[in-house]
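Read through the structure below, which is laid out as structure tokens, and then see the notes.
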Amino acid sequence: MKSLFSFVFLSVFVFSIILFPNNAFADDYETFSFVVFGDNRLPGYFPFNVNQIEELERCFEQIMLYAYGPDAQLDHELSFDPMTGELDWFRVWPVNAPDLYSLSVLKNGWPRLMLRGPGANIVLRSEGQAWVYNSIIEDIMEGADDPLSGPSFCLNTGDMTYFGFFGTSRDESPFWSDLYERFLTRLPESNPEGLPGRYFPASGNHETWLDENLDGLLSTVPYLREMGFTVENRVYMFDFEGCRFIFLDTGDMDYRNPSEWGGNHPGFQVQMNILSGWLQEAVDISSRQVFITFHNPAFCQSGFGPLPEEHNPHYYIEPFASDLSITVFNGHVHTTEVYEVEGIKYLVLGGGGGEQGHEATPQSDDYPEEMYWRSNQRVEDYNYLLVQVNSDGLNLQLQRFRPESENSYESVELYR
């Protein structure tokens, strides 16, 4: 009788593996959550005084060259604090178009408020970035104590720094030092089981600006090397609780075509081959969710616009959508947008603290529907995404801070 019971049990066990090869024990995976945010860097650092006009002009020259190219015709106005001599505010505008200005108000060299004309619209206040940092830290501290009550780690879609003008390494760069001191050092010291840290970024175009070897990123997040990320191989992947996390590199920005794929470490086609291999592996092991992070957006209506079709990873991701649940996180355009394209969720999460873009370019009638603003007026909106993975799938809650709205702090469920 005992041998008959063993035979029946073994037969059922083998049959379940044949029928459900890798999902047989999917229920053994834990419910967990994580955070996604991006474009959190402040727009520059200007620790100059009235006696450092030449140094300030060199800094402006580098910024204008990167953003607008050598043929840009721009003018600017400077104001220094009469008591301290420090740079108090500056205004930049295209020659012969003073109404199209950008006005930055500073404190201790850091931008605290940025307005754009015409209309003096607020596009940045430093309280937005501070709220994002403090809220994520608070959530992850709760998750470290109890993974069911808060997120275990966070992803970043790129543009964590501004540029390497003042130095590249964490010890030299004021931007990397700021991120390290105000955010990374406040993460829990212990790590989730099987992971070397709690912060996993994709590199953006600002990470490479005057820092071609990514000294800043690699000195600030050194465990990325353990995950296969190097100067020449800026992609990596890890699995956690039955889910696969993939990070790609869209690379440098060219002011002549700022939406183009500029990643050459490795190049686009090699990265797509790697991506396809990792997705096929995810199919083979029946990953319950796949999350892909890269900086330039696959779909968007704002700012620089989406990646061109010939360099858009969507066409390499879509063949796997019938076998995998796939969510893609992007940034770069300093706004928030939400799409669902051929069964794949695409989220632009550029509201982490940088200067915001409130204008959208109408797309063709057959362009995928934007599901966050839905053609409504865009406003100042700092946010991060809280993703919960459970046995039923995903729950995506956008935690947001809208300084000028009646309800300043809200949690909004996406894809309801």
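Just so you know, all these numbers are worked out from the coordinates, no wet-lab data involved. Here the structure is a predicted model, which is why all the values come from computation and not from measurement. All Cβ positions, even for glycine, are placed from backbone atoms using ideal geometry, and neighbour counts span all protein chains on display.
Close amide H contacts of Tyr372 (hydrogens built in the peptide plane, cut-off under 5 Å, sequence separation of 5 or more or a different chain): Val338. Against the longest alpha carbon principal axis of the chain, how many degrees, from 0 to 90 and to the nearest 10, is the axis of helix 53-68 turned? Taking Cα atoms only, the helix is inclined about 50 degrees. A simple rule links phi to the HN-Hα coupling: the Karplus curve 6.51 cos²θ - 1.76 cosθ + 1.60 with θ = phi - 60°, which for segment 281-298 gives 4, 4, 5, 4, 9, 6, 4, 6, 8, 10, 10, 10, 10, 8, 6, 5, x, 6 Hz, with x for Gly and Pro. How would the chain be classified by its alpha-carbon gyration tensor: rounded, prolate or oblate, with rounded meaning a/c under 1.5 and the a/b versus b/c comparison settling the rest? Because a/c hits 1.5 or more and a/b exceeds b/c, the chain counts as prolate.
For Leu275, the shell of other residues with beta-carbons less than 14 Å away shows a net charge of -1, using +1 for Lys and Arg and -1 for Asp and Glu.
Identify the GluC sites (Glu not before Pro) of segment 146-248 meeting these criteria: DSSP loop state and at most 15 other C-beta atoms within 10 Å of the C-beta. Could the numbers behind the result be given before it?
Details: sites: Glu172, Glu181, Glu189, Glu193, Glu207, Glu212, Glu226, Glu232, Glu241; in loops: Glu172, Glu189, Glu193, Glu212, Glu232, Glu241.
Counting only loop positions with at most 15 other Cβ atoms within 10 Å, the GluC sites (Glu not before Pro) in segment 146-248 are Glu172, Glu189, Glu193, Glu212, Glu232.
Ordering Ala67, Gly351, Pro147 by the projection of their Cα atoms onto the charge dipole of the chain, which places +1 on the Cβ of Lys and Arg and -1 on the Cβ of Asp and Glu, puts Pro147 at the extreme positive end. Across the chain, the longest piece that holds none of the chymotrypsin sites (Phe, Trp or Tyr not before Pro) lying in DSSP loops with up to 16 other C-beta atoms within 10 Å covers 256-414. Can you tell me which of Pro258, Pro43, Pro308 moves the most in a GNM of the chain? Springs connect C-alpha atoms under 10 Å apart. Looking only at Pro258, Pro43, Pro308, the biggest GNM fluctuation is shown by Pro308. Cβ-Cβ distance of Asn390 and Arg256, R₀ of 51 Å, FRET efficiency by 1/(1 + (r/R0)^6): the value works out to about 0.65. Between 0 and 90 degrees, the angle of helix 126-145 with respect to the longest Cα principal axis of the chain falls at about 20 degrees. Each residue of segment 369-375 was assigned a 3J(HN,Hα) from its phi angle through the Karplus curve 6.51 cos²θ - 1.76 cosθ + 1.60 (θ = phi - 60°); the sequence is 5, 8, 10, 9, 7, 6, 6 Hz, with glycine and proline shown as x. In a DSSP loop and with at most 11 other Cβ atoms within 10 Å, the trypsin sites (Lys or Arg not before Pro) in segment 302-395 are Arg374.
Summarising the amide proton neighbourhood of Tyr346: residues at separation of 5 or more, or on other chains, whose placed amide H is nearer than 5 Å comprise Val328, Tyr339, Glu340, Val341.
Using the alpha carbon gyration tensor of segment 53-108, what are the three equivalent-ellipsoid semi-axes (square root of 5 times each eigenvalue), largest first, in whole Å?
Working: eigenvalues 93, 39, 15 Å².
Result for segment 53-108: semi-axes of 22, 14, 9 Å.
The convex hull of the Cα atoms of segment 117-257, projected and averaged over all directions, covers 10.6 nm².
Take the Cβ-Cβ distance between Asp145 and Tyr367 as r, set R0 to 35 Å, and report the resulting FRET efficiency rounded to the nearest 0.05. Can you show the working numbers first?
Details: r = 44 Å, r/R0 = 1.25.
It comes out at approximately 0.20.
With a Förster radius of 30 Å applied to the C-beta separation of Ser286 and Leu195, the computed FRET efficiency comes to 0.90.
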